[in-house]
1. Can you pull out the residues in segment 85-107 that are within 18 Å of the chain's Cα centre (by Cα) and of a type in the set (D, E, K, R)?
2. Within segment 34-144, considering only helices (runs of 4 or more DSSP H) that don't extend past its boundaries, which have at least 3 residues that are of a type in the set (S, T, N, Q) and touching a helix residue (DSSP H, G or I) at 6+ places or on another chain (Cβ under 8 Å)?
3. Quick one: would you say Gly95 is small (Gly, Ala, Ser) and either at pLDDT 95 or above or touching a Pro at 6+ places or on another chain (Cβ under 7 Å) (or both)?
4. Looking at segment 158-185, which of the residues that are surrounded by 20 or more Cβ atoms within 10 Å (Cβ to Cβ) and hydroxyl-bearing (Ser, Thr, Tyr) is farthest from Glu41 (Cα to Cα)?
5. Checking Gly152 against (1) farther than 23 Å from Ile56 by Cβ; (2) in contact with a Gly (Cβ under 8 Å, 6 or more places away or on another chain); (3) of a type in the set (Gly, Ala, Ser); (4) not in a helix (DSSP H, G or I), only one condition comes out false. Which one?
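The values are calculated or read from the model by the stated rules, or taken from the named source; none is laboratory data. Nothing here was measured: the structure is a model prediction, and the numbers come from that model. Cβ sites come from the backbone with ideal geometry, for glycine too, and all protein chains shown count toward neighbours.
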Amino acid sequence: MMNKKIPSREDALKLLNEYNKNESLLKHAFSVEAVMRHFAEYYNEDVEKWGVIGLIHDLDYEQYPEMHCKKTEELLRQNGWPEDSIYSVTSHGFGICTENEPKHIMEKTLYTIDELTGLVAATALMRPSRSILDLETKSVVKKWKQKSFATGVDRELIEKGSAMMGMEINEIITMTIEAMRKIAEEIGLSGDL
């Protein structure tokens, strides 16, 4: 049996928009997609595939938060997605809402940067410029250490992911900022520069 091809970005976006209307959730999806594409380039992997996996990762979150990852698995299967892609998408919820452990570097990256994009965005919005374009890694690291800042961001999970990836957190933060800068306008982080 031949492995089915992952749907196009256009198909993934159509499906995402079918289940998500919340602007901040959509911005998050675009942020994760951009960061996944950036890391795919870094690892010399399939940029389109990584981007689509990042884009669709929270498909069920707006309508089915209590069934997160499980409903995504069901929806992707109904839409004919390949099993390996479904596994990759749901692995970002490992230990929280799924037993699918990140194995491939793509899955480990998604697991790590999902939460991190939220911390980076929140840090950018706290700047006088309200922009990611002048955001530096050290500013994110400083906010990382403030446990009262962005309390919804699971720093332990990011640390676990960083270890899985075999990369320093600062390097991952730097690459995440670089990736999100590419779509600053789209995610509302171009600010007042």
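1. First, the residues of segment 85-107 that are within 18 Å of the chain's Cα centre (by Cα): 85-98, 100-107.
Answer for segment 85-107, where residues must be within 18 Å of the chain's Cα centre (by Cα) and of a type in the set (D, E, K, R): Glu101, Lys103, Glu107.
2. 83-90, 105-126
3. Numbers: small (Gly, Ala, Ser): yes; either at pLDDT 95 or above or touching a Pro at 6+ places or on another chain (Cβ under 7 Å) (or both): no.
Considered against the rule, which asks whether it is small (Gly, Ala, Ser) and either at pLDDT 95 or above or touching a Pro at 6+ places or on another chain (Cβ under 7 Å) (or both), Gly95 comes out as no.
4. Filtering segment 158-185 for residues that are surrounded by 20 or more Cβ atoms within 10 Å (Cβ to Cβ) and hydroxyl-bearing (Ser, Thr, Tyr), the one farthest from Glu41 (Cα to Cα) comes out as Ser162.
5. (1)
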